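Where a number appears in this text, it was derived from the coordinates with a stated rule and is not lab data. Quick caveat: nothing in here was measured; it's all calculated off a predicted structure. Cβ atoms come from the backbone with ideal geometry, glycine included; neighbour counts cover every protein chain shown.
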Amino acid sequence: MDPGEKVRRAISDLRKGKFVLVHDGIDRENEVDLIISAQFVDKDSIKIMRKDGGGLIVLMIAWEIADRFNLPYLADLYQRISDRYPILGELIPSDLPYDTKSSFSISINHRRTFTGISDEDRSLTARRFAELSENGSVDDFCREFRSPGHVPICIARKGLLKERKGHTEYAVTLMKLSELVPVALGCEMIGEDGKSMSEEDARAYAERNGLIFLEGYEIEEVFDRWLGSWQLVHSI
């Protein structure tokens, strides 16, 4: 199938609240993530991610949302407070084998959750974050969420795929192309052997479940073709 057609089908599925599988590439993490729009997450979505994915379930958000809520990259926060807590400076992930800087930020729970880990709790946290991201303020964010929690946040780079080619950027790019709130929920897929699920097995899973499987480079190709210029990234 042509990459353009695959991405169009992925957009249609995402708008219906379905999952899309994204492989970042063999020259990076070489992992496949289950990705869904956070707007449509419910407890059944979390159950699928927990049982069929098996990895860490995280929110993937656009840079401008993090900027509005004043959410930091965790590595930057560690650096800022390392004078008082030197161990945090030593723990900054500067030796990642697949990247130069982690996209992780803080972790959150919605204040109406109990422990925050149940399928119901995590779906509420993810869904309300997406809803609040449309026009919420910092005060709104603080009223609705507490930290630390059971849903980590990953922040896409400001220039998206021009700056970084990770699952966070691929997911946010797909949300923008779909004209959805640029907040996704993602989960790495783990195989029966306890290792990252192979691309072959992930493709077979997608086929069995009627889901679209996208390579990262296919998203890049279509995004570049549709927009014509990376400079338009914030206007879509």
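Annotation for the range 108-206: chymotrypsin sites (Phe, Trp or Tyr not before Pro) lying in DSSP loop with at most 11 further Cβ atoms inside 10 Å of their Cβ are F114. Sparse packing (at most 12 other Cβ atoms within 10 Å of the Cβ) combined with a DSSP loop state is found for the following GluC sites (Glu not before Pro) in the range 123-157: E134.
Stretching the chain fully between F114 and I26 yields a gain of 27.7 nm (0.36 nm per residue, less the alpha carbon separation).
Can you tell me how the range 1-153 classifies by the Cα gyration tensor, rounded, prolate or oblate, using a/c under 1.5 as the rounded cut? Since a/c reaches 1.5 but b/c is at least a/b, the shape of the range 1-153 is classed as oblate. Computed from Cα atoms, the angle from the helix 167-177 axis to the main principal axis of the chain rounds to 70 degrees.
Listed from fewest to most Cβ neighbours within 10 Å, the set C142, C154 follows the order C142, C154. Sorted fewest first by neighbouring Cβ atoms within 10 angstrom, T125, T113 come out as T113, T125.
Rounded to the nearest 5, the antiparallel percentage of DSSP beta bridges internal to the chain is 75%. Computed from Cα positions, the angle between helix 199-208 and the longest principal axis of the chain comes to roughly 70 degrees. Straightening the chain between V138 and M1 buys 45.0 nm, computed as 0.36 nm per residue apart minus the Cα-Cα spacing.
When a/c reaches 1.5 or more, the comparison of a/b and b/c decides; with that in mind, is the range 100-183 rounded, prolate or oblate per its Cα gyration tensor? Prolate is the answer for the range 100-183, as a/c is 1.5 or above and a/b outweighs b/c.
Each Lys and Arg contributes +1 and each Asp and Glu -1, all at the Cβ; summed about the Cα centre of the chain, the dipole is approximately 820 debye.
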